[in-house]
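Novice: Have a look at this one.
Here, each number is a calculation from the coordinates, and none is a lab measurement. Everything numeric here is computed off the predicted structure, so don't read it as measured data. Neighbour counts run over all protein chains shown; Cβ positions are idealised from the backbone, glycine included.
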Amino acid sequence: METMRERFIATASELLDTDERLAVVLAVISADQFAPAAARHPDRVINVGIREQLLISVTGGLALAGLRPIAHTFPSFLIERPFEQIKLDLGHQDVGAVLVSSGGSYDMAAMGRTHQAPGDVALLDTLDGWTIHVPGHPDEAEALLRDAVSADGRVYLRLSTETNPAPFPTSRSGFEVVRTGNAGTVLAVGPMLQAVLDGTAGLDLTVLYASTIRPFDARSLRTAAAAARTTEVILVEPYLAGTSSREAADALADLPHRLLSLGVGRAELRHYGTPADHAAAHGLDPASLRQRITGFLREAPLA
Amino acid sequence: METTDLARTPGTFGYGDLHRLMSLMTGDEKHDAAATSTLDVLWVLYDRVLNVDPCDLGDDERDRFLLSKGHGPMAYYAVLTAKGFIDAALLPGFGNFDSPLGYHPDRVLLPGVEISSGSLGHGLPLAAGVALGLRGRRLSRPRVFTLVGDAELDEGSGHEAIAFAGAVGLENLVVIVIDNMSSTYGWPGGIAARFDRDRWSARTVDGHDHAAIEAALTAPHPGRPHAVIAVVEPKY
């Protein structure tokens, strides 16, 4: 299957032909793949070289000049390394931009910590005004990219080689109800959906799916959680565990509730291998999810 | 004692009014020298060089001036007031809770201010982006000017922008460096040589000589970005 990153490059390249406001800013990564688009639009496909602070500052400047810029590289180099530039050259200038990362929390498992950014969403959470999309499939990634390009604000699109086998029809209205149950509510974010469905197969649980995690669809979560027999909620996120705990707690603030937040561990995992190895190490494989979810629920979630 | 005529019609203030306008803004005296060091360059820019109009702030064809050296903005605010971008009645409120005049400028609060600044090393890279954006939109007339300090050039982010702009021949970009010799370790060979090595056009002038400043800012520099190093009194 084509990866989200490949779909992003193809879609952005096509959009450059039809949207003269669009610009793409790169720092070497993916520049080769953008070469055909760069040949057609030399003034709107910009490779700044290995200069990630400049990557974001140029993005801010392009927005100030009236373009719709996309900036792209791996999440550690896009969000973490130039974080002050994100805060000041985008937020403090109050301009819009689309930041597209590919690499996720452990796509590049054998590359080690320097190429892994499970903290990216949590870090952006310290800033106001960011829409954050976490697609679970290349089709979702394409639809969300097209949405982001046609809008005006600040958008982070987090792509990964981790995907669900099938796309979920993307709705702009928030969390989707995948199935309903009475013994609790699980919110699966992006590529976590399939593992969550596999892990909770046969259990009497509501499963919600989010490919957009900010703004956080508090209303859908509260409605689903309140409809179950017990207001016990489990978040399963493909990045740092607990990233959306505050949002979920705020959503459920007027209900007695219990909350379990699953995701990538904070301690550095000094192991290599494959993304599947890392998912298992973080307890995010289907069997581990089943064990942790049933262990958390007060009553056995039997259908 | 003369009182400042805050009701004076915009556009009738001259260079001689600037110190009086600046004196209305108190509280940031730590940065008085920073403000004074930029005064002549700012005046020449707004009085003789920039194609800008307070009545047409959104004109796509306007020149863009990005103040990167955002601390001690009193000279900037005074020049903007003299040229009709800021209402002089706002000056005494400088730094107050509800004032749009902060100790660092904010583009959201002050139309006519192109970037919000205060953290050093951001304006030059932003200016490179603006210059690229104008090129991407096929706007070939407007120029992008940015003002930095010599110590501000210690920031690595500035060098990313300098190397890149020179490499791609960003000729609609002009950087003015106010050199008050305050960089911690200085630059072997001087500032102009660094720009020259990075494929810029570079000139050094007396930062208080209006005619020299104007000539340096408007000197042709085909195919290259341009740096004007304006030397002023050493800070220390």
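Novice: Calculate, in nm to one decimal, what A:GLU84 and A:SER150 gain on full extension: separation in residues at 0.36 nm each, minus their alpha carbon distance.
Specialist: Full extension from A:GLU84 to A:SER150 adds 21.2 nm.
Novice: With viscosity set to 1.567 mPa s at 4 °C, what whole-number translational diffusion coefficient in µm²/s follows for chain A from Stokes-Einstein and a Kirkwood radius over Cα pairs?
Specialist: This corresponds to a translational diffusion coefficient of 66 µm²/s.
Novice: Mind checking B:137-146 for the average number of partner chain beta-carbons within 10 Å of each residue's beta-carbon?
Specialist: For this peptide, the per-residue mean of nearby foreign Cβ atoms is 2.
Novice: Provide the convex hull volume over Cα atoms per residue for the protein assembly as shown, in Å³.
Specialist: Details: hull volume 89.7 nm³, N = 539.
Convex hull of Cα atoms, per residue: 166 Å³.
Novice: Please list the three semi-axes, largest first and in whole Å, of the ellipsoid equivalent to the stretch A:81-133, using sqrt of 5 times the eigenvalues of its alpha carbon gyration tensor.
Specialist: 24, 11, 10
Novice: For the stretch A:212-256, what mean projected area does the convex hull of the alpha carbons give, in nm²?
Specialist: So the mean shadow area of the Cα hull is 3.2 nm².
Novice: Nearest 5 is fine: what % of DSSP beta bridges in chain B come out antiparallel, could you say?
Specialist: The antiparallel proportion sits near 0 percent.
Novice: Expressed in nm², what is the orientationally averaged projection area of the convex hull enclosing the Cα positions of the stretch A:4-159?
Specialist: Convex hull of Cα atoms, orientation-averaged projection: 8.0 nm².
Novice: Could you give the size of the charge dipole of the protein assembly as shown about its Cα centre, using +1 on the Cβ of each K and R and -1 on the Cβ of each D and E, expressed in debye and rounded to the nearest 20?
Specialist: Around 880 debye, computed over the protein assembly as shown.
Novice: Summing Lys, Arg as +1 and Asp, Glu as -1, what charge do residues with Cβ under 15 Å from the Cβ of B:PHE94 carry, B:PHE94 excluded?
Specialist: Result for the neighbourhood of B:PHE94: -4.
Novice: Right, next: Rounded to the nearest 10 degrees, what's the angle between the helix A:4-18 long axis and the longest principal axis of chain A, both from Cα atoms, 0 to 90?
Specialist: Computed tilt is about 40 degrees.
Novice: Continuing with the same structure: Would you kindly calculate the translational diffusion coefficient of the stretch B:18-60, applying Stokes-Einstein with the Kirkwood radius from alpha carbon pairs, for 25 °C and a viscosity of 0.890 mPa s, and quote it in µm² s⁻¹ without decimals? Walk me through the numbers before you get to the answer.
Specialist: Details: Rh = 12.3 Å.
This corresponds to a translational diffusion coefficient of 200 µm²/s.
Novice: Counting other C-beta atoms within 10 Å, which of B:MET25, A:MET111 has the fewest, and how do the rest follow?
Specialist: Ordered from fewest to most neighbouring Cβ atoms within 10 Å, B:MET25, A:MET111 come out as A:MET111, B:MET25.
Novice: May I have the convex hull volume per residue, in Å³, for the Cα set of the stretch A:40-84?
Specialist: Hull volume over Cα atoms, normalised by residue count, gives 76 Å³.
Novice: Which GluC sites (Glu not before Pro) does the stretch A:196-277 hold that lie in a coil by DSSP with at most 14 other beta carbons within 10 Å? Intermediate results must be reported in sequence, preceding the final value.
Specialist: Numbers: sites: A:GLU232, A:GLU247, A:GLU268; in loops: A:GLU268.
Of the GluC sites (Glu not before Pro), the ones in loops of the stretch A:196-277 whose Cβ has at most 14 other Cβ atoms within 10 Å are A:GLU268.
Novice: Going by how many other Cβ atoms sit within 10 Å of their own, how do B:GLU152, A:GLU14, B:GLU214 line up, fewest first?
Specialist: Going from least to most buried by this count: A:GLU14, B:GLU214, B:GLU152.
Novice: Can you give the translational diffusion coefficient of the stretch B:24-139 in µm²/s, computed by Stokes-Einstein from the Kirkwood radius over Cα pairs at 10 °C and 1.306 mPa s?
Specialist: Working: Rh = 14.7 Å.
The estimated diffusion coefficient comes to 108 µm²/s.
Novice: Which value results for Rg/Rh of chain B when Rg is the Cα radius of gyration and Rh the Kirkwood radius based on the inverse mean 1/r?
Specialist: On the way: Rg = 17.0 Å, Rh = 17.9 Å.
My calculation of the ratio gives 0.95.
Novice: Something else: What dipole magnitude, in Debye to the nearest 20, does the stretch A:4-159 give about its Cα centre under +1 on Lys/Arg Cβ and -1 on Asp/Glu Cβ?
Specialist: Details: 13 positive and 21 negative charges, 61 e Å.
The calculation lands at about 300 debye.
Novice: Give me the percent of Cα-Cα pairs in the stretch A:259-303 that sit more than 17 Å apart, rounded to a whole number. Before the final figure, lay out each step's value.
Specialist: Numbers: 397 of 990 pairs.
The answer is 40 percent, as a whole percent.
Novice: What is the angle, in °, between the Cα long axis of helix A:286-296 and the longest principal axis of the Cα atoms in chain A? Nearest 10 is fine, range 0 to 90.
Specialist: Here the helix axis deviates by roughly 50 degrees.
Novice: Can you sort A:THR59, B:THR218, A:THR114 by how many other beta carbons sit within 10 Å, fewest first?
Specialist: Ascending number of Cβ neighbours within 10 Å: A:THR114, B:THR218, A:THR59.
Novice: Can you tell me the 0 to 90 degree angle between the C-alpha axis of helix A:218-227 and the longest principal axis of chain A, rounded to 10?
Specialist: Rounded to the nearest ten degrees, it is 20.
Novice: Considering only DSSP states other than H, G, I, E and B, which trypsin sites (Lys or Arg not before Pro) in the stretch A:202-272 qualify as loop sites with at most 13 other Cβ atoms within 10 Å?
Specialist: Qualifying residues, ordered by number: A:ARG229, A:ARG266, A:ARG270.
Novice: What does the helix-only formula give at 222 nm for the protein assembly as shown: each DSSP H stretch with n ≥ 4 adding -39500 (n - 2.57), the total divided by the residues, and the result rounded to the nearest 500 deg cm²/dmol?
Specialist: Helices in the protein assembly as shown give a 222 nm mean residue ellipticity of -9000 deg cm²/dmol.
Novice: Do you know the relative contact order of the stretch A:1-83, to the nearest whole percent, from alpha carbon pairs under 8 angstrom that are 6+ apart?
Specialist: Answer for the stretch A:1-83 is 32 percent.
Novice: Something else: Within 14 Å, Cβ to Cβ, of A:ALA201, how many net charges do the neighbouring residues add up to if Lys/Arg are +1 and Asp/Glu are -1?
Specialist: -1
Novice: Still on this structure: Please list 3J(HN,Hα) in residue order for the stretch B:191-204, calculated via the Karplus relation 6.51 cos²θ - 1.76 cosθ + 1.60 where θ = phi - 60°; whole Hz, with x for glycine and proline.
Specialist: 6, 4, 5, 4, 4, 4, 5, 8, 6, 9, 8, 9, 9, 10
Novice: Still on this structure: Compute the distribution of all C-alpha to C-alpha distances in the stretch B:20-88, in bins of 10 Å from 0, and list the percent of pairs in each, rounded to whole numbers.
Specialist: Bins of 10 Å from zero give 20, 52, 24, 4 percent of pairs.
Novice: May I ask for the net charge around B:ALA33, where only other residues with Cβ less than 10 Å from the Cβ of B:ALA33 are counted and Lys, Arg are +1 while Asp, Glu are -1?
Specialist: -1
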